[in-house]
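The values are calculated or read from the model by the stated rules, or taken from the named source; none is laboratory data. Given the structure is predicted, the values throughout are model-derived calculations rather than measurements. Backbone-built Cβ (ideal geometry, glycine too); neighbour counts: all protein chains shown.
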Amino acid sequence: MNPRLKSPELKLPAEYEAEAKSQPVFMDRRRFLNYSGWVGILGSLSVALLGFLRFLFPRVLFEPPTAFKAGPPSDYVPGTVDTRYTLSHRVWIVREPEYFYALSAICTHLGCTPRWLPSEDKFKCPCHGSGFKRSGVNFEGPAPRPLERFKITLAEDGQILVERGKNFRQEKGEWDNPDAKLFV
Ligand code: FES
């Protein structure tokens, strides 16, 4: 390089030197652009990584298992509606004097969970007021059809086995299916 082209060292007068040192140092333009470039790249990488993690762990609805054991028949009092599996499996187990049936706790109007009202011997849906008899048959409100029943059998170990994957609809005459009732 031609030494004559070399820029001379800039020297501030002594009176400005101290003041200049006390001033805050701002980032020059090139360094700022450099930093913002890296910030942009890291931001894009983070978004891509989050998208990848979301792909690995999709937001899925964890449904309860479709089949579950509900204890021995002797756990149930004849003439009662048992609510112990309402929250976990959305099923009521009803014991009539001679048989059991498993009733779906999903309202046939828009899918809310009705409440069992023992004093009125009925299920009442809190959402729009549909009412169902103990059998599951609808009798008031907007519900268009009875509650569904599920397959109920006795497992090899003597416990009641409810299978929510197999349902029976009264309006189709399916409540007469042998698997819709459990005689004990
Ligand atoms: S969801 Fe039950 S009455 Fe509407």
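When the criteria are applied in full, Val184 meets the requirement of being surrounded by 12 or more Cβ atoms within 10 Å (Cβ to Cβ), in contact with a strand residue (DSSP E or B) (Cβ under 9 Å, 6 or more places away or on another chain) and modelled with pLDDT under 95.
This table checks each residue for (1) touching a residue at least 12 places away in the same chain (Cβ under 8 Å); (2) out of contact with any helix residue (DSSP H, G or I) (no Cβ under 8 Å at 6 or more places or on another chain); (3) in the same structural domain as Pro78 (by TED's automatic domain parsing); (4) aliphatic (A, V, I, L, M).
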| position | (1), (2), (3), (4) |
| --- | --- |
| Trp92 | yes, no, yes, no |
| Phe100 | yes, no, yes, no |
| Arg115 | no, yes, yes, no |
| Cys125 | yes, yes, yes, no |
| Arg134 | yes, yes, yes, no |
| Pro178 | no, yes, yes, no |
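Tell me the strands (runs of 3 or more DSSP E) entirely within the range 80-181 that contain at least 2 residues that are on the phi < 0 side of the Ramachandran plot, within 26 Å of the chain's Cα centre (by Cα) and within 16 Å of the ligand (Cβ to nearest atom).
Values: elements: 80-82, 91-95, 99-104, 115-117, 122-124, 131-133, 138-140, 149-154, 160-168.
Qualifying strands (runs of 3 or more DSSP E): 99-104, 115-117, 122-124.
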